[in-house]
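The values are calculated or read from the model by the stated rules, or taken from the named source; none is laboratory data. These numbers were taken from a predicted model, which means no experiment stands behind them. Cβ coordinates were reconstructed from backbone atoms using ideal geometry, including for glycine residues, and neighbour counts include every protein chain displayed.
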Amino acid sequence: MLAEKKRENTRGLSVSKTVADYRLWRESAFQNAETTPTIGVVPTMGALHIGHQTLIEQAKRDCDLVVVTIFVNPTQFGPGEDFDKYPRTLETDLELCERIGVDCVFAPSVDELYPDGQTISTVEPPEELVNRLCGVFRPGHFRGVATVVAKLINIVRSDFAYFGEKDYQQLTVVKKLVRDLNVPVTICPVKTAREQDGLAMSSRNRYLTEEQRKQAPGLHQTLTELKRDVFERDVPIEDAIKSGITRLSDNYGFAVQYLEACDAETLENLDEKRTPMVFLVAAKLGAVRLIDNLVVR
Ligand code: AMP
């Protein structure tokens, strides 16, 4: 019902900068619909690219209304990380959202989401999930992610929320949070969108020099070889990971933070192959930190 209405509607994109404005938009969208519309939310930090677009398009296929949130969340950046330098391209983000048929963008300021500054209640994901992989190199990061995701889900009140497999540990933390706190939303994972040479799309890829951009696909290449070693050549996981780390640094110039094989549901470390399993990697090229993963189902 609403889908038909949407096709002929020329209201275009609505942009809410405050929680109050968003609530008004939601209320009027519900009033204008003949049957209760379903809402899908795509939480982002902006600097939108085709990876984000894949999530938005999945949400459009599944839901009557699609809300994109754009918020560079300070609580998930540690001291010395790139919060100040993180790309902010709101105007072009809004143009993209309008062009691909997003219904509403919620783009609050930091003060709007954190009016009490640092004095806030936080969501604490379980230690086992966050004291490893990216959590080791970014202490407090997943507390910030879980807290802002809980806030955004409470504000948007959507039926579905879309998260990329690109940020696999984040997706796992969010699924766990929704399950543990009985948050009434369905989490929908979306496969990683890649450049033709295999590099996972990311807002941070723009910081790579020409030379680094040529080395960067080595991350996906190494994960693919690692999977082949373990699953087709029966190389023991420990040995395959050791040679993966060597390949990343010697062949492509990466400073490796971690390369691990984990259970794809719990992220528990695995030393024997089994499925579903995920190989996860984080590595730096100069100052640019890249992450990627490969799921074996
Ligand atoms: P970000 O703006 O980087 O916080 O990402 C917002 C959402 O888009 C997260 O759920 C990411 O996992 C997802 N995302 C980012 N890059 C990609 C990609 N290359 N493919 C699929 N999803 C992605």
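Here are some notes:
- When Thr54 is tested against (1) within 11 Å of the ligand (Cβ to nearest atom); (2) of a type in the set (S, T, N, Q); (3) farther than 20 Å from Arg194 by Cα, just one condition goes unmet, and that condition is (3).
- Scanning the stretch 163-187 for residues that are in contact with a Phe, Trp or Tyr (Cβ under 6 Å, 6 or more places away or on another chain), farther than 18 Å from Arg61 by Cα and more than 10 Å from the ligand (Cβ to nearest atom) turns up just one, Val173.
This table checks each residue for (1) under 23 Å from Leu290 (Cα atoms); (2) within 12 Å of the ligand (Cβ to nearest atom); (3) touching a Ser or Thr at 6+ places or on another chain (Cβ under 9 Å).
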{"site": "Ala161", "(1), (2), (3)": "no, yes, yes"}
{"site": "Pro189", "(1), (2), (3)": "yes, yes, no"}
{"site": "Leu199", "(1), (2), (3)": "yes, yes, no"}
{"site": "Leu219", "(1), (2), (3)": "yes, no, no"}
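- Which listed residue is part of a loop (DSSP other than H, G, I, E, B), farther than 30 Å from Asp82 by Cα and in contact (Cβ under 8 Å) with a residue 24 or more places away in the chain, from Lys227, Lys273: Lys273
- Out of Gln196, Gln212, sole residue that is at pLDDT 95 or above, out of contact with any helix residue (DSSP H, G or I) (no Cβ under 8 Å at 6 or more places or on another chain) and loosely packed, with under 13 Cβ neighbours inside 10 Å: Gln196
- When Ile100, Ile155, Ile120 are checked against the criterion of being over 22 Å from Glu268 (Cβ atoms), among the aliphatic types (A, V, I, L, M) and exposed (fewer than 13 other Cβ atoms within 10 Å of the Cβ), a single residue qualifies: Ile120.
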